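Presented below is the structure to which this report refers.
The values are calculated or read from the model by the stated rules, or taken from the named source; none is laboratory data. From a predicted model like this one, the values you see are computed outputs, not experimental measurements. All Cβ positions, glycine included, derive from the backbone under ideal geometry; neighbour counts span all protein chains shown.
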Amino acid sequence: MTHITLWTVGAFLLALAPLAGFGFANDRWIAAAREWPPAGRLALPAVCVVPYLLVAAPLHQLRIEWLLLYLLLPIGIAALLAFAARLDPQQRGHWLDFLVLFTLGLAVDLRWFEPAWPHSLTALNKLLLLDAGLYGFHAVRQLNGVGFDLRWCKSDWKIGLREFLLYTPIAILLGLAIGFLHWHGHVDRPWLLPGMWLFTYLFIALPEEIFFRGWMQNLFERRTGRSASLAITAILFGLSHFNKRAVHFNWRYVLLASIAGIFYGRAWRSERRIAASSITHACVDTVWGALLR
């Protein structure tokens, strides 16, 4: 393993630490953050800059503008959510909450910060933005009802698979009819499917479900109610796929993703568990990749 690869592995481990920490020990991480003085609590997420340093410095690609971005953006998110917590202690959903959400969402969807990274390591950008959101919404805002827990329950699988089975015939029939899906009829290297599913769950489904269901649908629900929040979040989830696998607006992907968002949202709100909607999400993406892409 080369010197640069070791630094890259270290960067990924550091970027994954908040996900694991809040996923397995949410209350303890929040309690630990509370022990810091207010200024230190807001400055703490500046450590998000370290993975960028570990990747960029050995490759001689360190740029001051990206350094300042990954140093200051997490602090700014924490500060905005600290104001939101003070102005909206009942957690009804403040406009600052939505400002943070849409900033993070657009940054990922429009790939604003990906030029900071080598092409093969752009996933680190998404992880660092997720880390900033996790710290802001959990340690600072202390948003309740998110349901982020990396420990599976039996009900997570029951609900997650139920919504997957309900969505699957709709997706296949509609997807084939509009030419978005194409039936392969066989699975190449089926022994890789469990690994594909786990990778999809951890690095695609889980981050997206934290963002769209645990934070966005959760907050919209307080403002618009259960049904409207489900529909709004599903549509926004669909629109986030507008530039996927197409040069122009990919309406087919948007349509299928919006409908999928309904079932992901149903899975999450059944017991307010991100694990349940992430299971549905990972199953959909894995079957699509294996049989229908």
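Quick check, is Ile204 farther than 21 Å from Ala20 by Cα and of a type in the set (Val, Ile, Thr)?
No; evaluated as a whole, the condition is false for this residue.
Which helices (runs of 4 or more DSSP H) does segment 201-241 wholly contain that include 1 or more residues that are closer than 29 Å to Pro89 by Cβ and without any contact (Cβ under 8 Å) to a residue 60 or more places away in the chain?
Numbers: elements: 206-209, 218-224, 226-239.
Fully inside segment 201-241 and qualifying: 218-224, 226-239.
Take the residues of segment 226-280 that are surrounded by fewer than 18 Cβ atoms within 10 Å (Cβ to Cβ) and aromatic (Phe, Trp, Tyr): which is nearest to Phe148 (Cα to Cα)?
Checked segment 226-280; the qualifying residue nearest to Phe148 (Cα to Cα) is Phe242.
Given the criteria in contact with a helix residue (DSSP H, G or I) (Cβ under 8 Å, 6 or more places away or on another chain), aliphatic (A, V, I, L, M) and at pLDDT 95 or above, does Leu193 qualify?
Answer is no for this residue.
Just one of the numbered conditions (1) surrounded by 15 or more Cβ atoms within 10 Å (Cβ to Cβ); (2) touching a residue at least 60 places away in the same chain (Cβ under 8 Å) is not true of Cys153; which one?
(1)
Which one of the conditions (1) farther than 26 Å from Trp197 by Cβ; (2) touching an Asp or Glu at 6+ places or on another chain (Cβ under 9 Å); (3) among the β-branched types (Val, Ile, Thr) does Val100 fail to meet, given that it meets all the rest?
Unmet condition: (2).
Regarding Ala17, is this residue modelled with pLDDT of 90 or more and under 27 Å from His60 (Cα atoms)? Quick ask: steps written out before the conclusion?
On the way: modelled with pLDDT of 90 or more: yes; under 27 Å from His60 (Cα atoms): yes.
The answer is yes for Ala17.
Taking only pairs six or more apart or across chains, which ones have beta-carbon atoms under 6 Å, a first residue in segment 262-277 that is within 21 Å of Leu19 (Cβ to Cβ), and a second residue that is outside any helix (DSSP H, G or I)?
As it stands, the answer is Arg272/Gly145; Arg272/Gly147; Arg273/Gly147; Ile274/Gly147; Ile274/Phe148; Ala275/Trp152, since those pairs meet every condition given.
Across segment 198-225, which residue is surrounded by the most Cβ atoms within 10 Å (Cβ to Cβ) among those that are charged (D, E, K, R) and within 15 Å of Trp268 (Cβ to Cβ)? Walk me through it before giving the result.
Applying the first criterion (charged (D, E, K, R)) to segment 198-225 yields 208-209, 213, 221-223.
In the following step, the residues that additionally are within 15 Å of Trp268 (Cβ to Cβ) were identified as 208-209, 213, 221-222.
Numbers: Glu208: 22, Glu209: 30, Arg213: 32, Glu221: 21, Arg222: 16.
Once the filter is applied, the top-ranked residue is Arg213.
State all residues of segment 104-120 that are surrounded by fewer than 18 Cβ atoms within 10 Å (Cβ to Cβ) and of a type outside the set (Asp, Glu); if no residue qualifies, say none.
Leu106, Leu110, Arg111, Trp112, Pro115, Pro118, His119, Ser120 - these are the residues of segment 104-120 that are surrounded by fewer than 18 Cβ atoms within 10 Å (Cβ to Cβ) and of a type outside the set (Asp, Glu).
Name the single residue that is farthest from Ile159 (Cα to Cα) among those in segment 242-263 being aromatic (Phe, Trp, Tyr) and assigned to a helix (DSSP H, G or I).
Per the stated criteria, the residue is Trp251.
Given the conditions (1) on the phi > 0 side of the Ramachandran plot; (2) basic (Lys, Arg); (3) in contact (Cβ under 8 Å) with a residue 24 or more places away in the chain, and given that Arg111 satisfies all but one, which numbered condition is not satisfied?
Only one criterion in (1) on the phi > 0 side of the Ramachandran plot; (2) basic (Lys, Arg); (3) in contact (Cβ under 8 Å) with a residue 24 or more places away in the chain is unmet by Arg111, namely (3).
Given (1) surrounded by fewer than 17 Cβ atoms within 10 Å (Cβ to Cβ); (2) within 18 Å of the chain's Cα centre (by Cα), where does Arg92 come up short, assuming only one miss?
(2)
Does Leu87 satisfy the criteria of being modelled with pLDDT of 95 or more, touching a Phe, Trp or Tyr at 6+ places or on another chain (Cβ under 9 Å) and outside the structural domain of Thr224 (by TED's automatic domain parsing)?
No; evaluated as a whole, the condition is false for this residue.
Just to check your reading of the model, which residue among Leu62, Leu87, Leu81 is among the aliphatic types (A, V, I, L, M), without any contact (Cβ under 8 Å) to a residue 60 or more places away in the chain and surrounded by 14 or more Cβ atoms within 10 Å (Cβ to Cβ)? Explain how you work it out, then say what you get.
Working: Leu87 fails: surrounded by 14 or more Cβ atoms within 10 Å (Cβ to Cβ); Leu81 fails: without any contact (Cβ under 8 Å) to a residue 60 or more places away in the chain.
Step by step, each of Leu62, Leu87, Leu81 is checked, and only Leu62 is among the aliphatic types (A, V, I, L, M), without any contact (Cβ under 8 Å) to a residue 60 or more places away in the chain and surrounded by 14 or more Cβ atoms within 10 Å (Cβ to Cβ).
Just to be sure I understand, how many residues within segment 13-51 are among the charged types (D, E, K, R) and buried (at least 17 other Cβ atoms within 10 Å of the Cβ)?
Here the count works out to 1.
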